[in-house]
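These notes are about the structure you will find just below.
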Amino acid sequence: MKILVCITCVPDTTSKISFINDNAELNKAGLQYIIGPYDDYALARAVELKEQIPGTTVTALNVGLAVNDQVIRKALAIGADDAIRIDAEPTDSYFVANQIAEIAKQNGYDLILMGRESTDYNGGQVHGMVGQMLNIPSLSPVMKLEISGNVATLAREIEGGKEYMEANLPLVLGCQEPIAEWKIPNMKGIMSSRTKPLLVISPTNLETLTKSELYELPAARSGCKFIAADQAETLIDLLRNEAKVI
Amino acid sequence: MSIVVFIEVADKEIRGSSFEAVGYGAELAKMTNSTAVALVLGNEASAEQIAKIGNYGISKVLHAQDSRLDVGNIQAYSHAVVQALDKENATILVYAKSSLGDAIAARVAVQKKASLAANVLELPDLSDGFAVKKAVFTGKAFQYVTLTSENKILAVKKGAFAMTPSQDSANVESFSPQLAESDFAVKITKTDKVTGELLLPEADLVVSGGRGLKGPENWGVILDLAKALNAATGCSKPVSDLDWRPHHEHVGQTGVKVSPNLYIAVGISGAIQHLAGVSSSKCIVVINKDAEAPFFKAADYGIVGDAFDILPKLIKALKG
Ligand SMILES: Cc1cc2nc3c(=O)[nH]c(=O)nc-3n(C[C@H](O)[C@H](O)[C@H](O)COP(=O)(O)OP(=O)(O)OC[C@H]3O[C@@H](n4cnc5c(N)ncnc54)[C@H](O)[C@@H]3O)c2cc1C
């Protein structure tokens, strides 16, 4: 089985976000980049499937610039066999989906996994777009995945519960926990990641359908009003008559 | 030109956020001198539910009474939505941001080559093109984006467009999308769903518990407070990782993003990943025994103390 895992490189989840250039651009100075947390679940499940099913290969794919190579190497250290980077700024979901679909058409994967959404732009669109571009089913957010022969058994989270389903490969899946637990690379993985192939190729279709204009930070909250623990019940009155939220 | 609003049905009811999307679509239609049409797929929603769409400003509903659409099959739904857009000559699709809505909209976006904006917070600015304000970085920032394609899809974030319903009604027109066998290639085998419970992403009031509650056996106070308020329950990530609470209650950057009127956090420290998922709540109450807990910095009201002393007092005050 051939698995493609698409990873985004996003600012570490503890990052403070700020902007430069008259709020037109993200301030990348001081930001630590990581594998998107949801993509990290997808990668972990792919590596588990590789361990279970003989002959399985895992390719990691990122659309991004050379600064991402160190993050991509981490995916190799976690257990991907090789990696591809499409050398372009990932400008919008449509652009990124086109790059992934193009690689998938050339290489033919049985399973294309990625996170349910990126934690920077939170679009949650790329998996569906890739599925449509390849004309194969796409499902998200997938929290359980088993493969037996050509058949995938999976569970999708729905608001207030789960939906179980069955589908034939090939499939595109947007993943989230608890599909697998995040994997921390071991020493052997880190050593081997340095020599695993990382192919850099140029983007094909450069079309985008959105244009970023400006960013803004939310207004800070006005501050916390403290209520003494022995008068806790007065909170209810404040919520009713001051905040007027209940 | 017209606008189609995709309606999502959960637990036999139209979701509250879908009614917000109806209100958004109706306003957008006024702004753009066009008409808005709502689209309901499957037989899950009752006629009374569908009639309520009129209360939020849309007077025409397309209803596909095809029982194959009673469950949210992503491929089939996306083809049905595309056919509704074509039938109505629509250039804009509006829906309430949700995991099902996103999965469908992405496929529609490719079929219609539409610009797509997720987490839209306001009506668009049409003074120079079509610009929308959206939440990015899981609520840590906002972004203004111009949608450059002729066709557009807007995923409206919950709470961005609340409105007071009117008494107006809607006319329902039947709609029969052409669906192929291949649209149902994914077989939905079973649905496990809590019924009669308030859905966290939809809730106006949320009571959430963290590791400070020490174990699932102590959740009674959280459930009682939620019940007294008629609120939904949430939790922090370690709580769902430890299986103290079901996974769909996990709130935060890697879980459910909520924007209720009131979010009460009990025994949650306020890690930045948790805050990201709750920052658009209107009012935040924090109850924590540690006065230094970072959550207090993001709160409107705070009580420093032991949750097991404080919650019973709140429950009593609510009942009294
Ligand atoms: C990539 C990544 C993504 C993440 N995503 C999320 C996410 O989406 N959501 C999320 O929640 N976390 C997320 N986390 C985890 C996050 O960093 C924190 O570890 C987590 O939020 C802490 O949960 P907690 O506040 O319940 O527990 P703790 O941090 O252990 O806090 C418990 C709190 O309870 C208080 N307490 C203890 N006893 C009592 C008592 N009797 N009465 C009152 N208060 C009491 C303590 O003072 C403390 O503040 C993520 C982490 C990473 C690395």
Problem - Cβ charges +1 (Lys, Arg) and -1 (Asp, Glu), total dipole of the protein assembly as shown, debye - result: 560
Completion exercise
Debye calc, one equal point scatterer per Cα of the stretch B:77-162, no solvent, log10 I(q)/I(0) at q = 0.16, 0.26, 0.27 1/Å comes to -0.60, -1.36, -1.41
Completion exercise
Computed over chain B, the relative contact order (Cα-Cα under 8 Å, seq sep at least six) in percent reads 15
Practice task
Take the solvent-accessible surface of the protein heavy atoms, probe 1.4 Å, and return the percent of it on the protein assembly as shown that carbon and sulfur atoms account for.
Solution key: 50
Practice task
Anything losing 40 Å² or more of accessible area from the isolated chain to the full protein assembly: pick those residues out of the stretch A:174-217, probe 1.4 Å, ligands and DNA/RNA ignored.
Solution key: A:Glu177, A:Leu209, A:Thr210, A:Lys211, A:Glu213, A:Leu214, A:Glu216
Handout entry: Separation between Cα centres of the stretch A:24-93 and the stretch B:1-48, rounded to whole Å
Key = 38
Handout entry: Over chain A: Kirkwood hydrodynamic radius from C-alpha pairwise inverse distances, Å
Key = 19.8
Exercise for the section: Could you state how much accessible area is buried at the B-A interface, both sides summed, with a 1.4 Å probe, in Å² to the nearest 100? Expected result: 7000
Problem - Nearest-0.05 FRET efficiency for A:Glu216 and A:Ala66, computed from C-beta distance (R0 51 Å) - result: 0.95
Problem - CD proxy at 222 nm, helix term only [per DSSP H run n ≥ 4: -39500 (n - 2.57); per residue of chain A; nearest 500] - result: -8000 deg cm²/dmol
Exercise for the section: Lys and Arg at +1, Asp and Glu at -1: add these up for the other residues within a Cβ distance under 11 Å of B:Lys316 and post the number. Expected result: 0
Handout entry: Farthest positive-ward along the stretch A:1-55 dipole, Cα basis, beta-carbon charges - from A:Tyr41, A:Thr14, A:Ala24
Key = A:Tyr41
Completion exercise
Where a ≥ b ≥ c are root eigenvalues of the Cα gyration tensor, a/c under 1.5 meaning rounded, otherwise prolate if a/b exceeds b/c and oblate otherwise, the stretch B:200-319 counts as rounded
Practice task
Of the options B:Ala105, B:Val145, B:Val172, report the single residue whose Cα projects farthest towards the positive end of the charge dipole of the stretch B:2-184 (beta-carbon charges: Lys, Arg +1; Asp, Glu -1).
Solution key: B:Val145
Practice task
Tell me the chymotrypsin sites (Phe, Trp or Tyr not before Pro) within the stretch A:158-241 that lie in a loop according to DSSP and have at most 15 other beta-carbon atoms within 10 Å.
Solution key: A:Trp182
Practice task
Let me know the longest stretch in chain B that avoids all trypsin sites (Lys or Arg not before Pro) found in a DSSP loop with at most 14 other C-beta atoms within 10 Å.
Solution key: B:215-320
Completion exercise
Listed by chain and number, the residues whose amide H is under 5 Å from that of A:Ile158, excluding neighbours fewer than 5 places away on the same chain and using placed H, are A:Glu163
Exercise for the section: Return one whole number: the accessible area per residue of chain A in Å², for a 1.4 Å probe. Expected result: 43
Practice task
Please name whichever of B:Ser269, B:Ser279, B:Leu314 sits farthest to the positive end of the charge dipole of the stretch B:200-319, dipole taken about the Cα centre and charges placed at Cβ: Lys and Arg +1, Asp and Glu -1.
Solution key: B:Leu314
Completion exercise
Taking Lys and Arg as +1 and Asp and Glu as -1, residues besides A:Thr59 with C-beta under 12 Å from its C-beta add up to +1
Practice task
On a 0 to 90° scale, report how tilted helix B:220-229 is relative to the longest principal axis of chain B, with both axes built from alpha carbons and the result rounded to the nearest 10.
Solution key: 50
Fill in the blank from the handout: Relative contact order in percent for the stretch B:200-319 (Cα pairs under 8 Å, 6+ apart) equals 25
Completion exercise
Taking Lys and Arg as +1 and Asp and Glu as -1, residues besides B:Leu205 with C-beta under 15 Å from its C-beta add up to -1
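The values are calculated or read from the model by the stated rules, or taken from the named source; none is laboratory data. Please read these numbers as outputs of a predicted model, since none were measured by experiment. FYI the Cβ positions are ideal-geometry reconstructions off the backbone, even for glycines, and counts take in every protein chain you see. Remember, those area values only see protein heavy atoms, side chains included, never the ligands or the DNA or RNA. Shrake-Rupley method; radii C 1.70, N 1.55, O 1.52, S 1.80 Å.
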